[in-house]
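**Student:** Let me begin by handing over the structure; questions about it come next.
The values are calculated or read from the model by the stated rules, or taken from the named source; none is laboratory data. Quantities reported herein were computed from a predicted structural model and do not represent experimental measurements. A quick note on method: Cβ atoms are made from the backbone with ideal geometry, for glycine too, and the neighbour counts reach across all protein chains shown.
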């Protein structure tokens, strides 16, 4: 196994400052708020996508670009924000990112063309990257990997509550006030997060790294991380499991409206169903992490993930009950996702405590690249496709990939 100490640092050899401590629930709340900005930016407006497409006269591929462009910007920007957060600290990056998040939310609500909307969503992806990469790095600043996985699971319970209310609220707002109201809500969420971080969240970096943003040391750090088998295992796990979740989030509104005739509010409720299951899985996951460890937890979670993929394929064979099979697949996949995400996010930054920002950034970039690719594929496969196949086959593919990583690489390289 590669040595985590190989990651370069020019920090002083003198003793590091005392570690920052935060009450457990306060830390979990802050993490949930920061991580929750991503589903707020995506899930809340998903039920409004069909309305948005019609209002702006946009083709299907352009509508999907409002999501995939955000994801691509989110991934690339993490490569910048992560090292910057290691160099200057988490708070400055968070304050700048959250201000941009609020601005881009209100700008999106005022867009008069699909091109303007895509541009604002790109800026929002840059802003979300600052929040998410700092949140993942903060976990490593405060906790060792196993403890971090449990705290991350608690934070993701809060995120699940946000994800639970987001689609339903977005669907209701879109139905009552139009699609612009859902994006204005995103801007308000950014304002709330900015106020909370400025008021309550301390700096968690114990020792800033002056070399963190220098190209040479940074590239060497990333090369070391990619050679680290534990890092690779967790990075691939969270990328694969998010690939399936993104497929569900991006494809289901179109499939449910076109194939089954659901309204925007009903689509929001189907997405909320997945969030309910995800919330339950985070509670179960915390018990499993304590009892079975991180590797044991994802091994068990992969059973549910793969089952969700197989059930999704059944939906293509039983047209009369396809909606219920898809909802069952969504639930099973969400349950497994609730096991994989906290373990994978805490595990990926675990080997690199002095470069947690850079480690979180690289893993986040790979995750976002997967989601961007999925978005491009859906933009093509959903054009004039009144069928469940793009949704069902996407879930099945990523379920298989996730289970394969969980049962091979994670079991081989992570301590049990």
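**Student:** Among the numbered criteria (1) modelled with pLDDT of 90 or more; (2) closer than 28 Å to residue 343 by Cβ, which single criterion is violated by residue 206?
**Tutor:** Result: residue 206 passes all but (1).
**Student:** Okay, next question. May I ask you to say which residue of 271, 237 is modelled with pLDDT under 90, in contact with a helix residue (DSSP H, G or I) (Cβ under 9 Å, 6 or more places away or on another chain) and crowded, with 24+ Cβ neighbours inside 10 Å?
**Tutor:** It is 271.
**Student:** Report, by residue number, each residue of segment 279-289 that is touching a residue at least 60 places away in the same chain (Cβ under 8 Å) and farther than 19 Å from residue 233 by Cβ.
**Tutor:** Passing the criteria: 279, 282, 283, 286.
**Student:** Okay, moving on. Looking at 77, 85, 99, 111 in this structure, which one is assigned to a helix (DSSP H, G or I) and surrounded by fewer than 23 Cβ atoms within 10 Å (Cβ to Cβ)?
**Tutor:** Answer to the check: 99.
**Student:** Right, residue 283: surrounded by 22 or more Cβ atoms within 10 Å (Cβ to Cβ) and farther than 21 Å from residue 356 by Cβ or not?
**Tutor:** So residue 283 fails the test.
**Student:** Right, here's the next one. Residue by residue through segment 143-170, note down the ones that are more than 21 Å from the chain's Cα centre (by Cα) and assigned to a helix (DSSP H, G or I).
**Tutor:** none
**Student:** Enumerate the pairs (first residue in segment 290-311 and on the phi > 0 side of the Ramachandran plot; second residue anywhere and surrounded by fewer than 23 Cβ atoms within 10 Å (Cβ to Cβ) and assigned to a helix (DSSP H, G or I)) with beta-carbon separation below 9 Å, excluding pairs fewer than 6 apart on the same chain, so at least 6 apart or on different chains.
**Tutor:** Every condition considered, the pairs that remain are 293/146.
**Student:** Do the conditions hold for residue 371, that is, is it in a helix (DSSP H, G or I) and modelled with pLDDT under 90?
**Tutor:** Considered against the rule, which asks whether it is in a helix (DSSP H, G or I) and modelled with pLDDT under 90, residue 371 comes out as yes.
**Student:** I've got another one for you. Out of 136, 140, which single residue is assigned to a helix (DSSP H, G or I) and within 14 Å of the chain's Cα centre (by Cα)?
**Tutor:** 136
**Student:** Right, another one. Is there a residue in segment 4-25 that is in a helix (DSSP H, G or I), buried (at least 20 other Cβ atoms within 10 Å of the Cβ), in contact with a helix residue (DSSP H, G or I) (Cβ under 8 Å, 6 or more places away or on another chain) and at pLDDT 75 or above?
**Tutor:** No, there is no match, as no residue in segment 4-25 is in a helix (DSSP H, G or I), buried (at least 20 other Cβ atoms within 10 Å of the Cβ), in contact with a helix residue (DSSP H, G or I) (Cβ under 8 Å, 6 or more places away or on another chain) and at pLDDT 75 or above.
For every residue, the table says whether it meets (1) under 22 Å from the mean Cα position of the chain (by Cα); (2) part of a helix (DSSP H, G or I); (3) more than 18 Å from residue 35 (Cα to Cα).
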residue	(1), (2), (3)
243	yes, yes, no
260	no, no, yes
267	yes, yes, yes
276	yes, yes, no
283	yes, yes, no
287	no, yes, yes
293	no, yes, yes
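**Student:** Just to be sure, is residue 69 within 22 Å of residue 187 (Cβ to Cβ) and crowded, with 23+ Cβ neighbours inside 10 Å?
**Tutor:** Considered against the rule, which asks whether it is within 22 Å of residue 187 (Cβ to Cβ) and crowded, with 23+ Cβ neighbours inside 10 Å, residue 69 comes out as no.
**Student:** Output the number of the condition that residue 176 fails; it satisfies all remaining conditions of (1) modelled with pLDDT under 85; (2) within 25 Å of residue 277 (Cα to Cα); (3) surrounded by fewer than 17 Cβ atoms within 10 Å (Cβ to Cβ).
**Tutor:** Residue 176 satisfies all of (1) modelled with pLDDT under 85; (2) within 25 Å of residue 277 (Cα to Cα); (3) surrounded by fewer than 17 Cβ atoms within 10 Å (Cβ to Cβ) except (2).
**Student:** Quick check on residue 214: is it touching a residue at least 24 places away in the same chain (Cβ under 8 Å), in contact with a helix residue (DSSP H, G or I) (Cβ under 9 Å, 6 or more places away or on another chain) and surrounded by fewer than 22 Cβ atoms within 10 Å (Cβ to Cβ)?
**Tutor:** No: the conditions fail for residue 214.
**Student:** Okay, next question. Only residues that are under 25 Å from residue 136 (Cα atoms) and free of Cβ contacts under 8 Å to residues at least 60 places away in the same chain: list them for segment 316-344, please.
**Tutor:** Scanning segment 316-344 gives 335, 339.
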